[in-house]
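The values are calculated or read from the model by the stated rules, or taken from the named source; none is laboratory data. Keep in mind it's a predicted model, so treat the numbers as computed, not measured. Glycine gets a Cβ as well: all are built from the backbone with ideal geometry, and neighbour counts include every protein chain shown.
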Amino acid sequence: MNEQDKPTLFDMDKSWQEEWKNMPEFVQRKKEAYAEIVFRFDNAKDLQDFANLIGQKLTKNTKSAWYPPLVRGADIVKRWVSES
C-alpha cells in the first residue's frame, strides 16, 4: 500500500460527520500583501539603518517582512458563537 492509498484519521472514524452536520462553512482567507517591493543593500550598515528606520529586526538572512509588523495569532481571540 503506497502513501496515497493509506486511510487518513477522518477516513477511519466517520463519527465526526454527524457532529459537523449543518455547521457553517469556514474559509480561512490568506492575508495577501497590497504590494511587494524588493530592497537591495550595499552593506550591513545600510541594512541596519533601514531596519532601524522601520523599527524591525532585519538580517541578511531575512527573506520578507510585513510593515507594519504582522502580529501572528492576532485574530485568535475571535470566536464563532451560536445564538441558539
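I'm trying to understand the selection: among the residues of segment 26-55, which are outside any helix (DSSP H, G or I) and more than 19 Å from the chain's Cα centre (by Cα)? Passing the criteria: Ile37, Val38, Phe39, Arg40, Phe41, Asp42, Asn43, Gly55. Right, Lys57: in contact (Cβ under 8 Å) with a residue 12 or more places away in the chain and either surrounded by 10 or more Cβ atoms within 10 Å (Cβ to Cβ) or of a type outside the set (A, V, I, L, M) (or both) or not? Judged against the criteria, Lys57 is not a match.
It is to be established whether one or more residues within segment 72-79 are among the hydrophobic types (A, V, I, L, M, F, W, C) and modelled with pLDDT of 75 or more. No, that holds for no residue.
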